[in-house]
Amino acid sequence: MVIEHNVSLQPYNTFGLNAKAKSYCNITNETTLTEVLKTENNQPLFILGGGSNMLLTKDIEALVLHINLKGIEVINETEDVVFVKAMAGENWHQFVLWCIKHNYGGIENLSLIPGNVGTSPIQNIGAYGIELKDVFESCEAINIKNQNARVFTKDDCKFGYRESIFKQELKGEYIITSVTFKLTKQNHKLHTDYGAIKQQLEASNISKPTIKDVSNAVIAIRQSKLPDPKEIGNSGSFFKNPVITIEQFKKLQSNFPDVPSYKVSDSMVKVPAGWLIEQAGFKGKRFNDYGVHNKQALVLVNYGNAKGSDVYRLAQLIQKTIKRIFDISIETEVNII
Ligand code: EPU
């Protein structure tokens with residue numbers, strides 16, 4: 001177990017922010033993880049996965065445990081389905097590509113989402129009509145205080161829109177070490193209804209898509225709209241899409257007839273925050289080294305040497321402006337540290 005001090009976290013967060021960790025330990029096996037949790041319990045700990053959903057506004061006065069557990073294995077299968085267990089430190093997109101290579105279906109719509117397998121259940125990642133919960137079988141996690149291992153079933157996780165028990169009741173209590181997925185081996189159920197996917201497949205003249213075709217379509221759409229964190233620092237959607245009541249929505253629609261929306265239930269409607277932010281005039285706005293992406297207003301970006309605190313101030317200005325113009329509160333999806 002090697003503990004380093006005063007380590008820059010710039011390479012480990014997709015926003016590319018240069019915050020420092022007071023101390024840092026790279027965790028590559030579960031024995032080390034248990035050992036560190038036992039021996040280093042006299043100081044604050046900070047659990048770092050793929051660093052793709054956080055805005056570091058300051059240095060981390062804690063021991064950062066960087067979860068880099070690796071491995072993918074098939075643990076069970078029938079003629080139709082396969083149960084694949086992936087360790088928490090596997091890169092999410094590499095895992096999706098591994099599944100596609102083996103013709104395991106279910107997560108092709110989640111191609112190119114930044115981050116790691118281990119953090120995917122925490123915010124129930126989702127895109128293009130699919131959420132992690134649709135393929136989630138279970139996950140294993142270690143209790144930070146007593147180091148007991150626990151298996152969480154889908155019900156245990158209480159998944160919601162970008163939500164789970166790990167962001168609520170059990171926040172900061174467990175470290176997810178692996179996730180098991182239930183995927184299809186044949187008769188894949190493709191989800192290609194999402195407008196952009198349909199158009200992308202049509203443009204490529206594909207009428208009977210395979211899971212690889214769907215993955216390629218999603219990759220093309222994401223690349224055309226979302227900045228690559230390797231080139232421009234970002235954390236994907238910075239805000240969640242707000243869910244409002246039908247009454248609120250009707251009022252909004254009377255002032256802004258073009259507002260897009262998705263029905264959530266008979267009484268609730270989801271409105272795209274990207275649309276609200278664009279209407280408020282922020283899309284493509286750049287302030288020094290940070291700003292709002294020019295192709296998707298939901299994404300805040302670091303062009304080089306931005307400070308997390310500057311990005312956070314911009315986020316707060318956006319929230320205030322949206323509240324003033326539309327009387328809607330938008331919450332951050334990204335964790336503000
Ligand atoms: N829109 C605008 N201006 C913008 C962005 C979007 O007017 O700058 C409008 C679009 O025209 C469209 C609507 O908003 O009518 C929805 O846009 P889009 O399809 O891009 O999806 P989104 O709701 O903005 C969500 C997820 C994304 C995911 C896409 C596709 C959230 C917070 N975000 O974005 O997730 O890729 O749907 O399924 O739910 C992420 O979480 O990091 C992420 C990228």
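Every number here is computed from the coordinates shown, using simple stated rules; none is lab data. Every value quoted in this text rests on a predicted model; they were computed, and no experiment measured them. Please note: Cβ atoms are built from the backbone with ideal geometry, for glycine as well, and neighbour counts cover all protein chains shown.
Taking every C-alpha pair closer than 8 Å and separated by at least 6 residues, the mean separation divided by the residue count of the chain gives a relative contact order of 17 percent.
A cut-off under 13 angstrom between Cβ atoms defines the neighbours of M54, and their net charge, with Lys, Arg +1 and Asp, Glu -1, is +1. Within the straight-line cut-off of under 20 Å between alpha carbons, the lysines reachable from K70 are K85, K101, K182, sequence neighbours fewer than 8 places apart in one chain being disregarded. With contributions of -39500 (n - 2.57) from each DSSP H run of at least four residues, the per-residue ellipticity at 222 nm computed over the chain stands at -7500 deg cm²/dmol. Here is the link list: K185/K208; K20/K133; K158/K198; K20/K283; K240/K285. Which ones come out longer than 22 Å on Cα distance? Violating the 22 Å limit, Cα to Cα: K20/K133; K158/K198; K20/K283.
Between beta-carbons, use under 13 Å as the cut-off and find the net charge around S261, counting Lys and Arg +1, Asp and Glu -1. Result for the local shell: +3.
What net charge is computed for the residues neighbouring R313, neighbours being all others with C-beta under 11 Å from the C-beta of R313, Lys and Arg scored +1, Asp and Glu -1?
Working: positive: K307, K320; negative: D310.
Taking every Cβ under 11 Å from that of R313, the sum is +1.
Partner aspartates and glutamates whose Cα lies under 19 Å from the Cα of K58, excluding those fewer than 8 positions away in the same chain, are identified as E4, D289, D310, E333.
Starting from the exponent 0.38 and prefactor 2.2 Å, build the expected Rg for the chain from its residue count and divide its actual Cα Rg by it. Walk me through the numbers on the way to the answer.
On the way: Rg = 20.4 Å, N = 337, 2.2 N^0.38 = 20.1 Å.
So the chain has a normalised radius of gyration of 1.02.
Distance between the 7 Å Cα→Cβ label points at I325 and K70: 4.6 nm.
Here the extension length gained between I3 and Q253 equals 84.5 nm, from 0.36 nm per residue of separation less the Cα-Cα distance.
The order of the peptides 232-238, 40-46, 304-310 by mean Cβ neighbours within 10 Å, most packed first, is 232-238, 304-310, 40-46.
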